Amino acid sequence: MTTPLRTQLAAQLAILTLPAFKDNYLWLIHDGSNAAIVDPGDAAPVKAALAAHKLRLTAILLTHHHADHIGGVPGLLQDWDVPVFGPRNDGIALVTHPLGEGERIGVPGLDLALDVVDVPGHTLGHIAYVRRAPGRDAGANWLFCGDTLFGAGCGRLFEGTPQQMMASLGKLAALPDDTLVYCAHEYTLSNLRFAQAVEPGNAALDARVRADGAQREAGLPTIPSTVGLERATNPFLRHDEARIVQSLVEAGRLMPGGAPVDVFAALREWKNTF
Ligand code: ZN
Ligand code: FE
């Protein structure tokens, strides 16, 4: 008796960046035949990309209920009868496969497993999707985090508390450094201006300002970033840094000796009006 050999070659997965609206990114994951779309706020760019690349839509993945992330779902469902994965607790009527912390999905049509992480803060039911690649291929760990973690920033607290957002970001920051961060907006340069104001002297941050500035000058996205780069430059993952605490105290936004959550809350409030 022989063990059946698993000869099927896993098709290489790629991700297409679909800009939408003013500064959204929709992420189209595909293997050359089938495709899944993350946070389709608008159907038109997705339909155009599917047609241009001769792809069949096999799944829709949602992170949270805001219109710029789900608005294109009805239009896509008109053309494609596909499952809609999304948060269990974010009040999205279109979701056919509700998900929450600790669940793992096999994305229909693709050789892709994603783990679900609850990341309340921007909205209360917000989830993120994590691909933990089995091998050691560079760039094979992925995070789709919607409006939770941004390039050098984080989402606004529309529904959750600073405590919740801090814990959510902590989970994402604990992912491997090489994890590619596919967030839903191009906010990086304005976030970096704030980051430099609160943490002057961070050499990694200065290098990122140069690199991402050049990227935007060339008309290119700054996303995906990596978890490692965010840990080194994103003030919302660095609220325990003495220099950041000092900046908040000097600005009169924090009492000396504040708890970590006070530091985080003061940072988020300052950014709201920066
Ligand atoms: Zn949002
Ligand atoms: Fe958004």
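The values are calculated or read from the model by the stated rules, or taken from the named source; none is laboratory data. Just so you know, these numbers come straight off a predicted model, no measurement behind them. Positions of Cβ are backbone-derived with ideal geometry, glycine not excepted, and every protein chain shown enters the neighbour counts.
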Residue pairs meeting the criteria (Cβ under 9 Å; at least 6 apart or on separate chains; first of a type in the set (G, A, S), in region 45-71; second assigned to a helix (DSSP H, G or I) and away from ligand 1 (no atom under 16 Å from the Cβ))
G71/A43
Within region 229-274, the residues that are small (G, A, S), part of a helix (DSSP H, G or I) and either touching a helix residue (DSSP H, G or I) at 6+ places or on another chain (Cβ under 8 Å) or surrounded by 13 or more Cβ atoms within 10 Å (Cβ to Cβ) (or both) are A232, S247, A265, A266
Of the residues that make up region 159-171, is at least one surrounded by fewer than 20 Cβ atoms within 10 Å (Cβ to Cβ), in contact (Cβ under 8 Å) with a residue 12 or more places away in the chain and under 13 Å from the mean Cα position of the chain (by Cα)?
yes
Condition check for D23: within 16 Å of ligand 2 (Cβ to nearest atom), closer than 25 Å to G160 by Cβ, modelled with pLDDT of 95 or more and surrounded by 21 or more Cβ atoms within 10 Å (Cβ to Cβ)
no
Could you give every pair whose Cβ atoms fall below 8 Å, whose first residue belongs to region 207-223 and is without any contact (Cβ under 8 Å) to a residue 60 or more places away in the chain, and whose second residue is β-branched (V, I, T), counting only separations of at least 6 or pairs across chains?
R208/T233; Q215/T222; R216/T188; R216/T222
Within region 93-125, track down each residue that is over 25 Å from Q12 (Cα atoms) and surrounded by 19 or more Cβ atoms within 10 Å (Cβ to Cβ).
V95, L99, D118, V119, P120, G121, H122, T123, G125
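Based on what the data block shows, is G91 away from ligand 1 (no atom under 12 Å from the Cβ), at positive phi and over 15 Å from the mean Cα position of the chain (by Cα)?
Details: away from ligand 1 (no atom under 12 Å from the Cβ): yes; at positive phi: yes; over 15 Å from the mean Cα position of the chain (by Cα): yes.
Judged against the criteria, G91 is a match.
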What pairs can you find where one residue is in region 19-43 and over 19 Å from C183 (Cβ atoms), the other is within 14 Å of ligand 1 (Cβ to nearest atom) and not in a strand (DSSP E or B), and their Cβ atoms are less than 9 Å apart, with a gap of 6+ or different chains?
A43/G71
Options A232, A251; residue that is under 17 Å from C154 (Cβ atoms) and touching a residue at least 12 places away in the same chain (Cβ under 8 Å):
A232
Checking D68 against (1) away from ligand 1 (no atom under 16 Å from the Cβ); (2) under 17 Å from Y182 (Cβ atoms), which single condition isn't satisfied?
(1)
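Among the residues that make up region 182-194, is at least one of them touching an Asp or Glu at 6+ places or on another chain (Cβ under 7 Å), assigned to a helix (DSSP H, G or I), among the hydroxyl-bearing types (S, T, Y) and buried (at least 21 other Cβ atoms within 10 Å of the Cβ)? Before you say what the answer is, go through the steps one by one.
Looking only at region 182-194, we keep the residues that are touching an Asp or Glu at 6+ places or on another chain (Cβ under 7 Å), and these are 184-189, 192.
Filter once more, keeping what is assigned to a helix (DSSP H, G or I): 188-189, 192.
So of that shortlist, the ones also among the hydroxyl-bearing types (S, T, Y) come out as 188.
Filter once more, so that each one left must be buried (at least 21 other Cβ atoms within 10 Å of the Cβ): 188.
Looking through region 182-194, at least one residue is touching an Asp or Glu at 6+ places or on another chain (Cβ under 7 Å), assigned to a helix (DSSP H, G or I), among the hydroxyl-bearing types (S, T, Y) and buried (at least 21 other Cβ atoms within 10 Å of the Cβ).
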